[in-house]
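The structure appears right after this line, and notes come after that.
The values are calculated or read from the model by the stated rules, or taken from the named source; none is laboratory data. Quick caveat, the model's predicted, so the values are computed rather than measured. Note that each Cβ is placed from the backbone with ideal geometry, even for glycine, and that neighbours are counted across all protein chains shown. Accessible surface areas use protein heavy atoms only, side chains included; no ligands, DNA or RNA. Shrake-Rupley method; radii C 1.70, N 1.55, O 1.52, S 1.80 Å.
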Amino acid sequence: MPMISVSMFPGRTAEQKQALVREVTDAFVRTCGGNPEGVWVTINEIPAEHWAAGGTLFSDR
């Protein structure tokens, strides 16, 4: 069973998250095979003050 993890900033609606999970699942099944019930997707919402790139927190940008 594949497990796909998506990390993103908070702020998306439940409908957006549902659409994302559906699209990610469909893409996996389309490219790698299997069935949708066997694809697990987790969404990790990380606050901007806990995420950085290039040595700078996103909350400071």
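Data for the structure
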read-out: Among (1) assigned to a loop (DSSP other than H, G, I, E, B); (2) open to solvent by 90 Å² or more (accessible area, probe 1.4 Å); (3) at pLDDT 95 or above; (4) not basic (Lys, Arg) - the single one Met1 does not satisfy; value: (3)
read-out: Filtered residues of region 8-56 (kept if among the small types (Gly, Ala, Ser) and open to solvent by 60 Å² or more (accessible area, probe 1.4 Å)); value: Gly11, Ala14, Gly34, Gly54, Gly55
read-out: Flag if Asp60 is open to solvent by 100 Å² or more (accessible area, probe 1.4 Å) and modelled with pLDDT of 95 or more; value: yes
read-out: All positions within region 37-55 that are closer than 19 Å to Gln16 by Cβ and out of contact with any strand residue (DSSP E or B) (no Cβ under 9 Å at 6 or more places or on another chain); value: Pro47
read-out: Residue within region 23-40 that is part of a strand (DSSP E or B) and under 14 Å from the mean Cα position of the chain (by Cα) present; value: yes
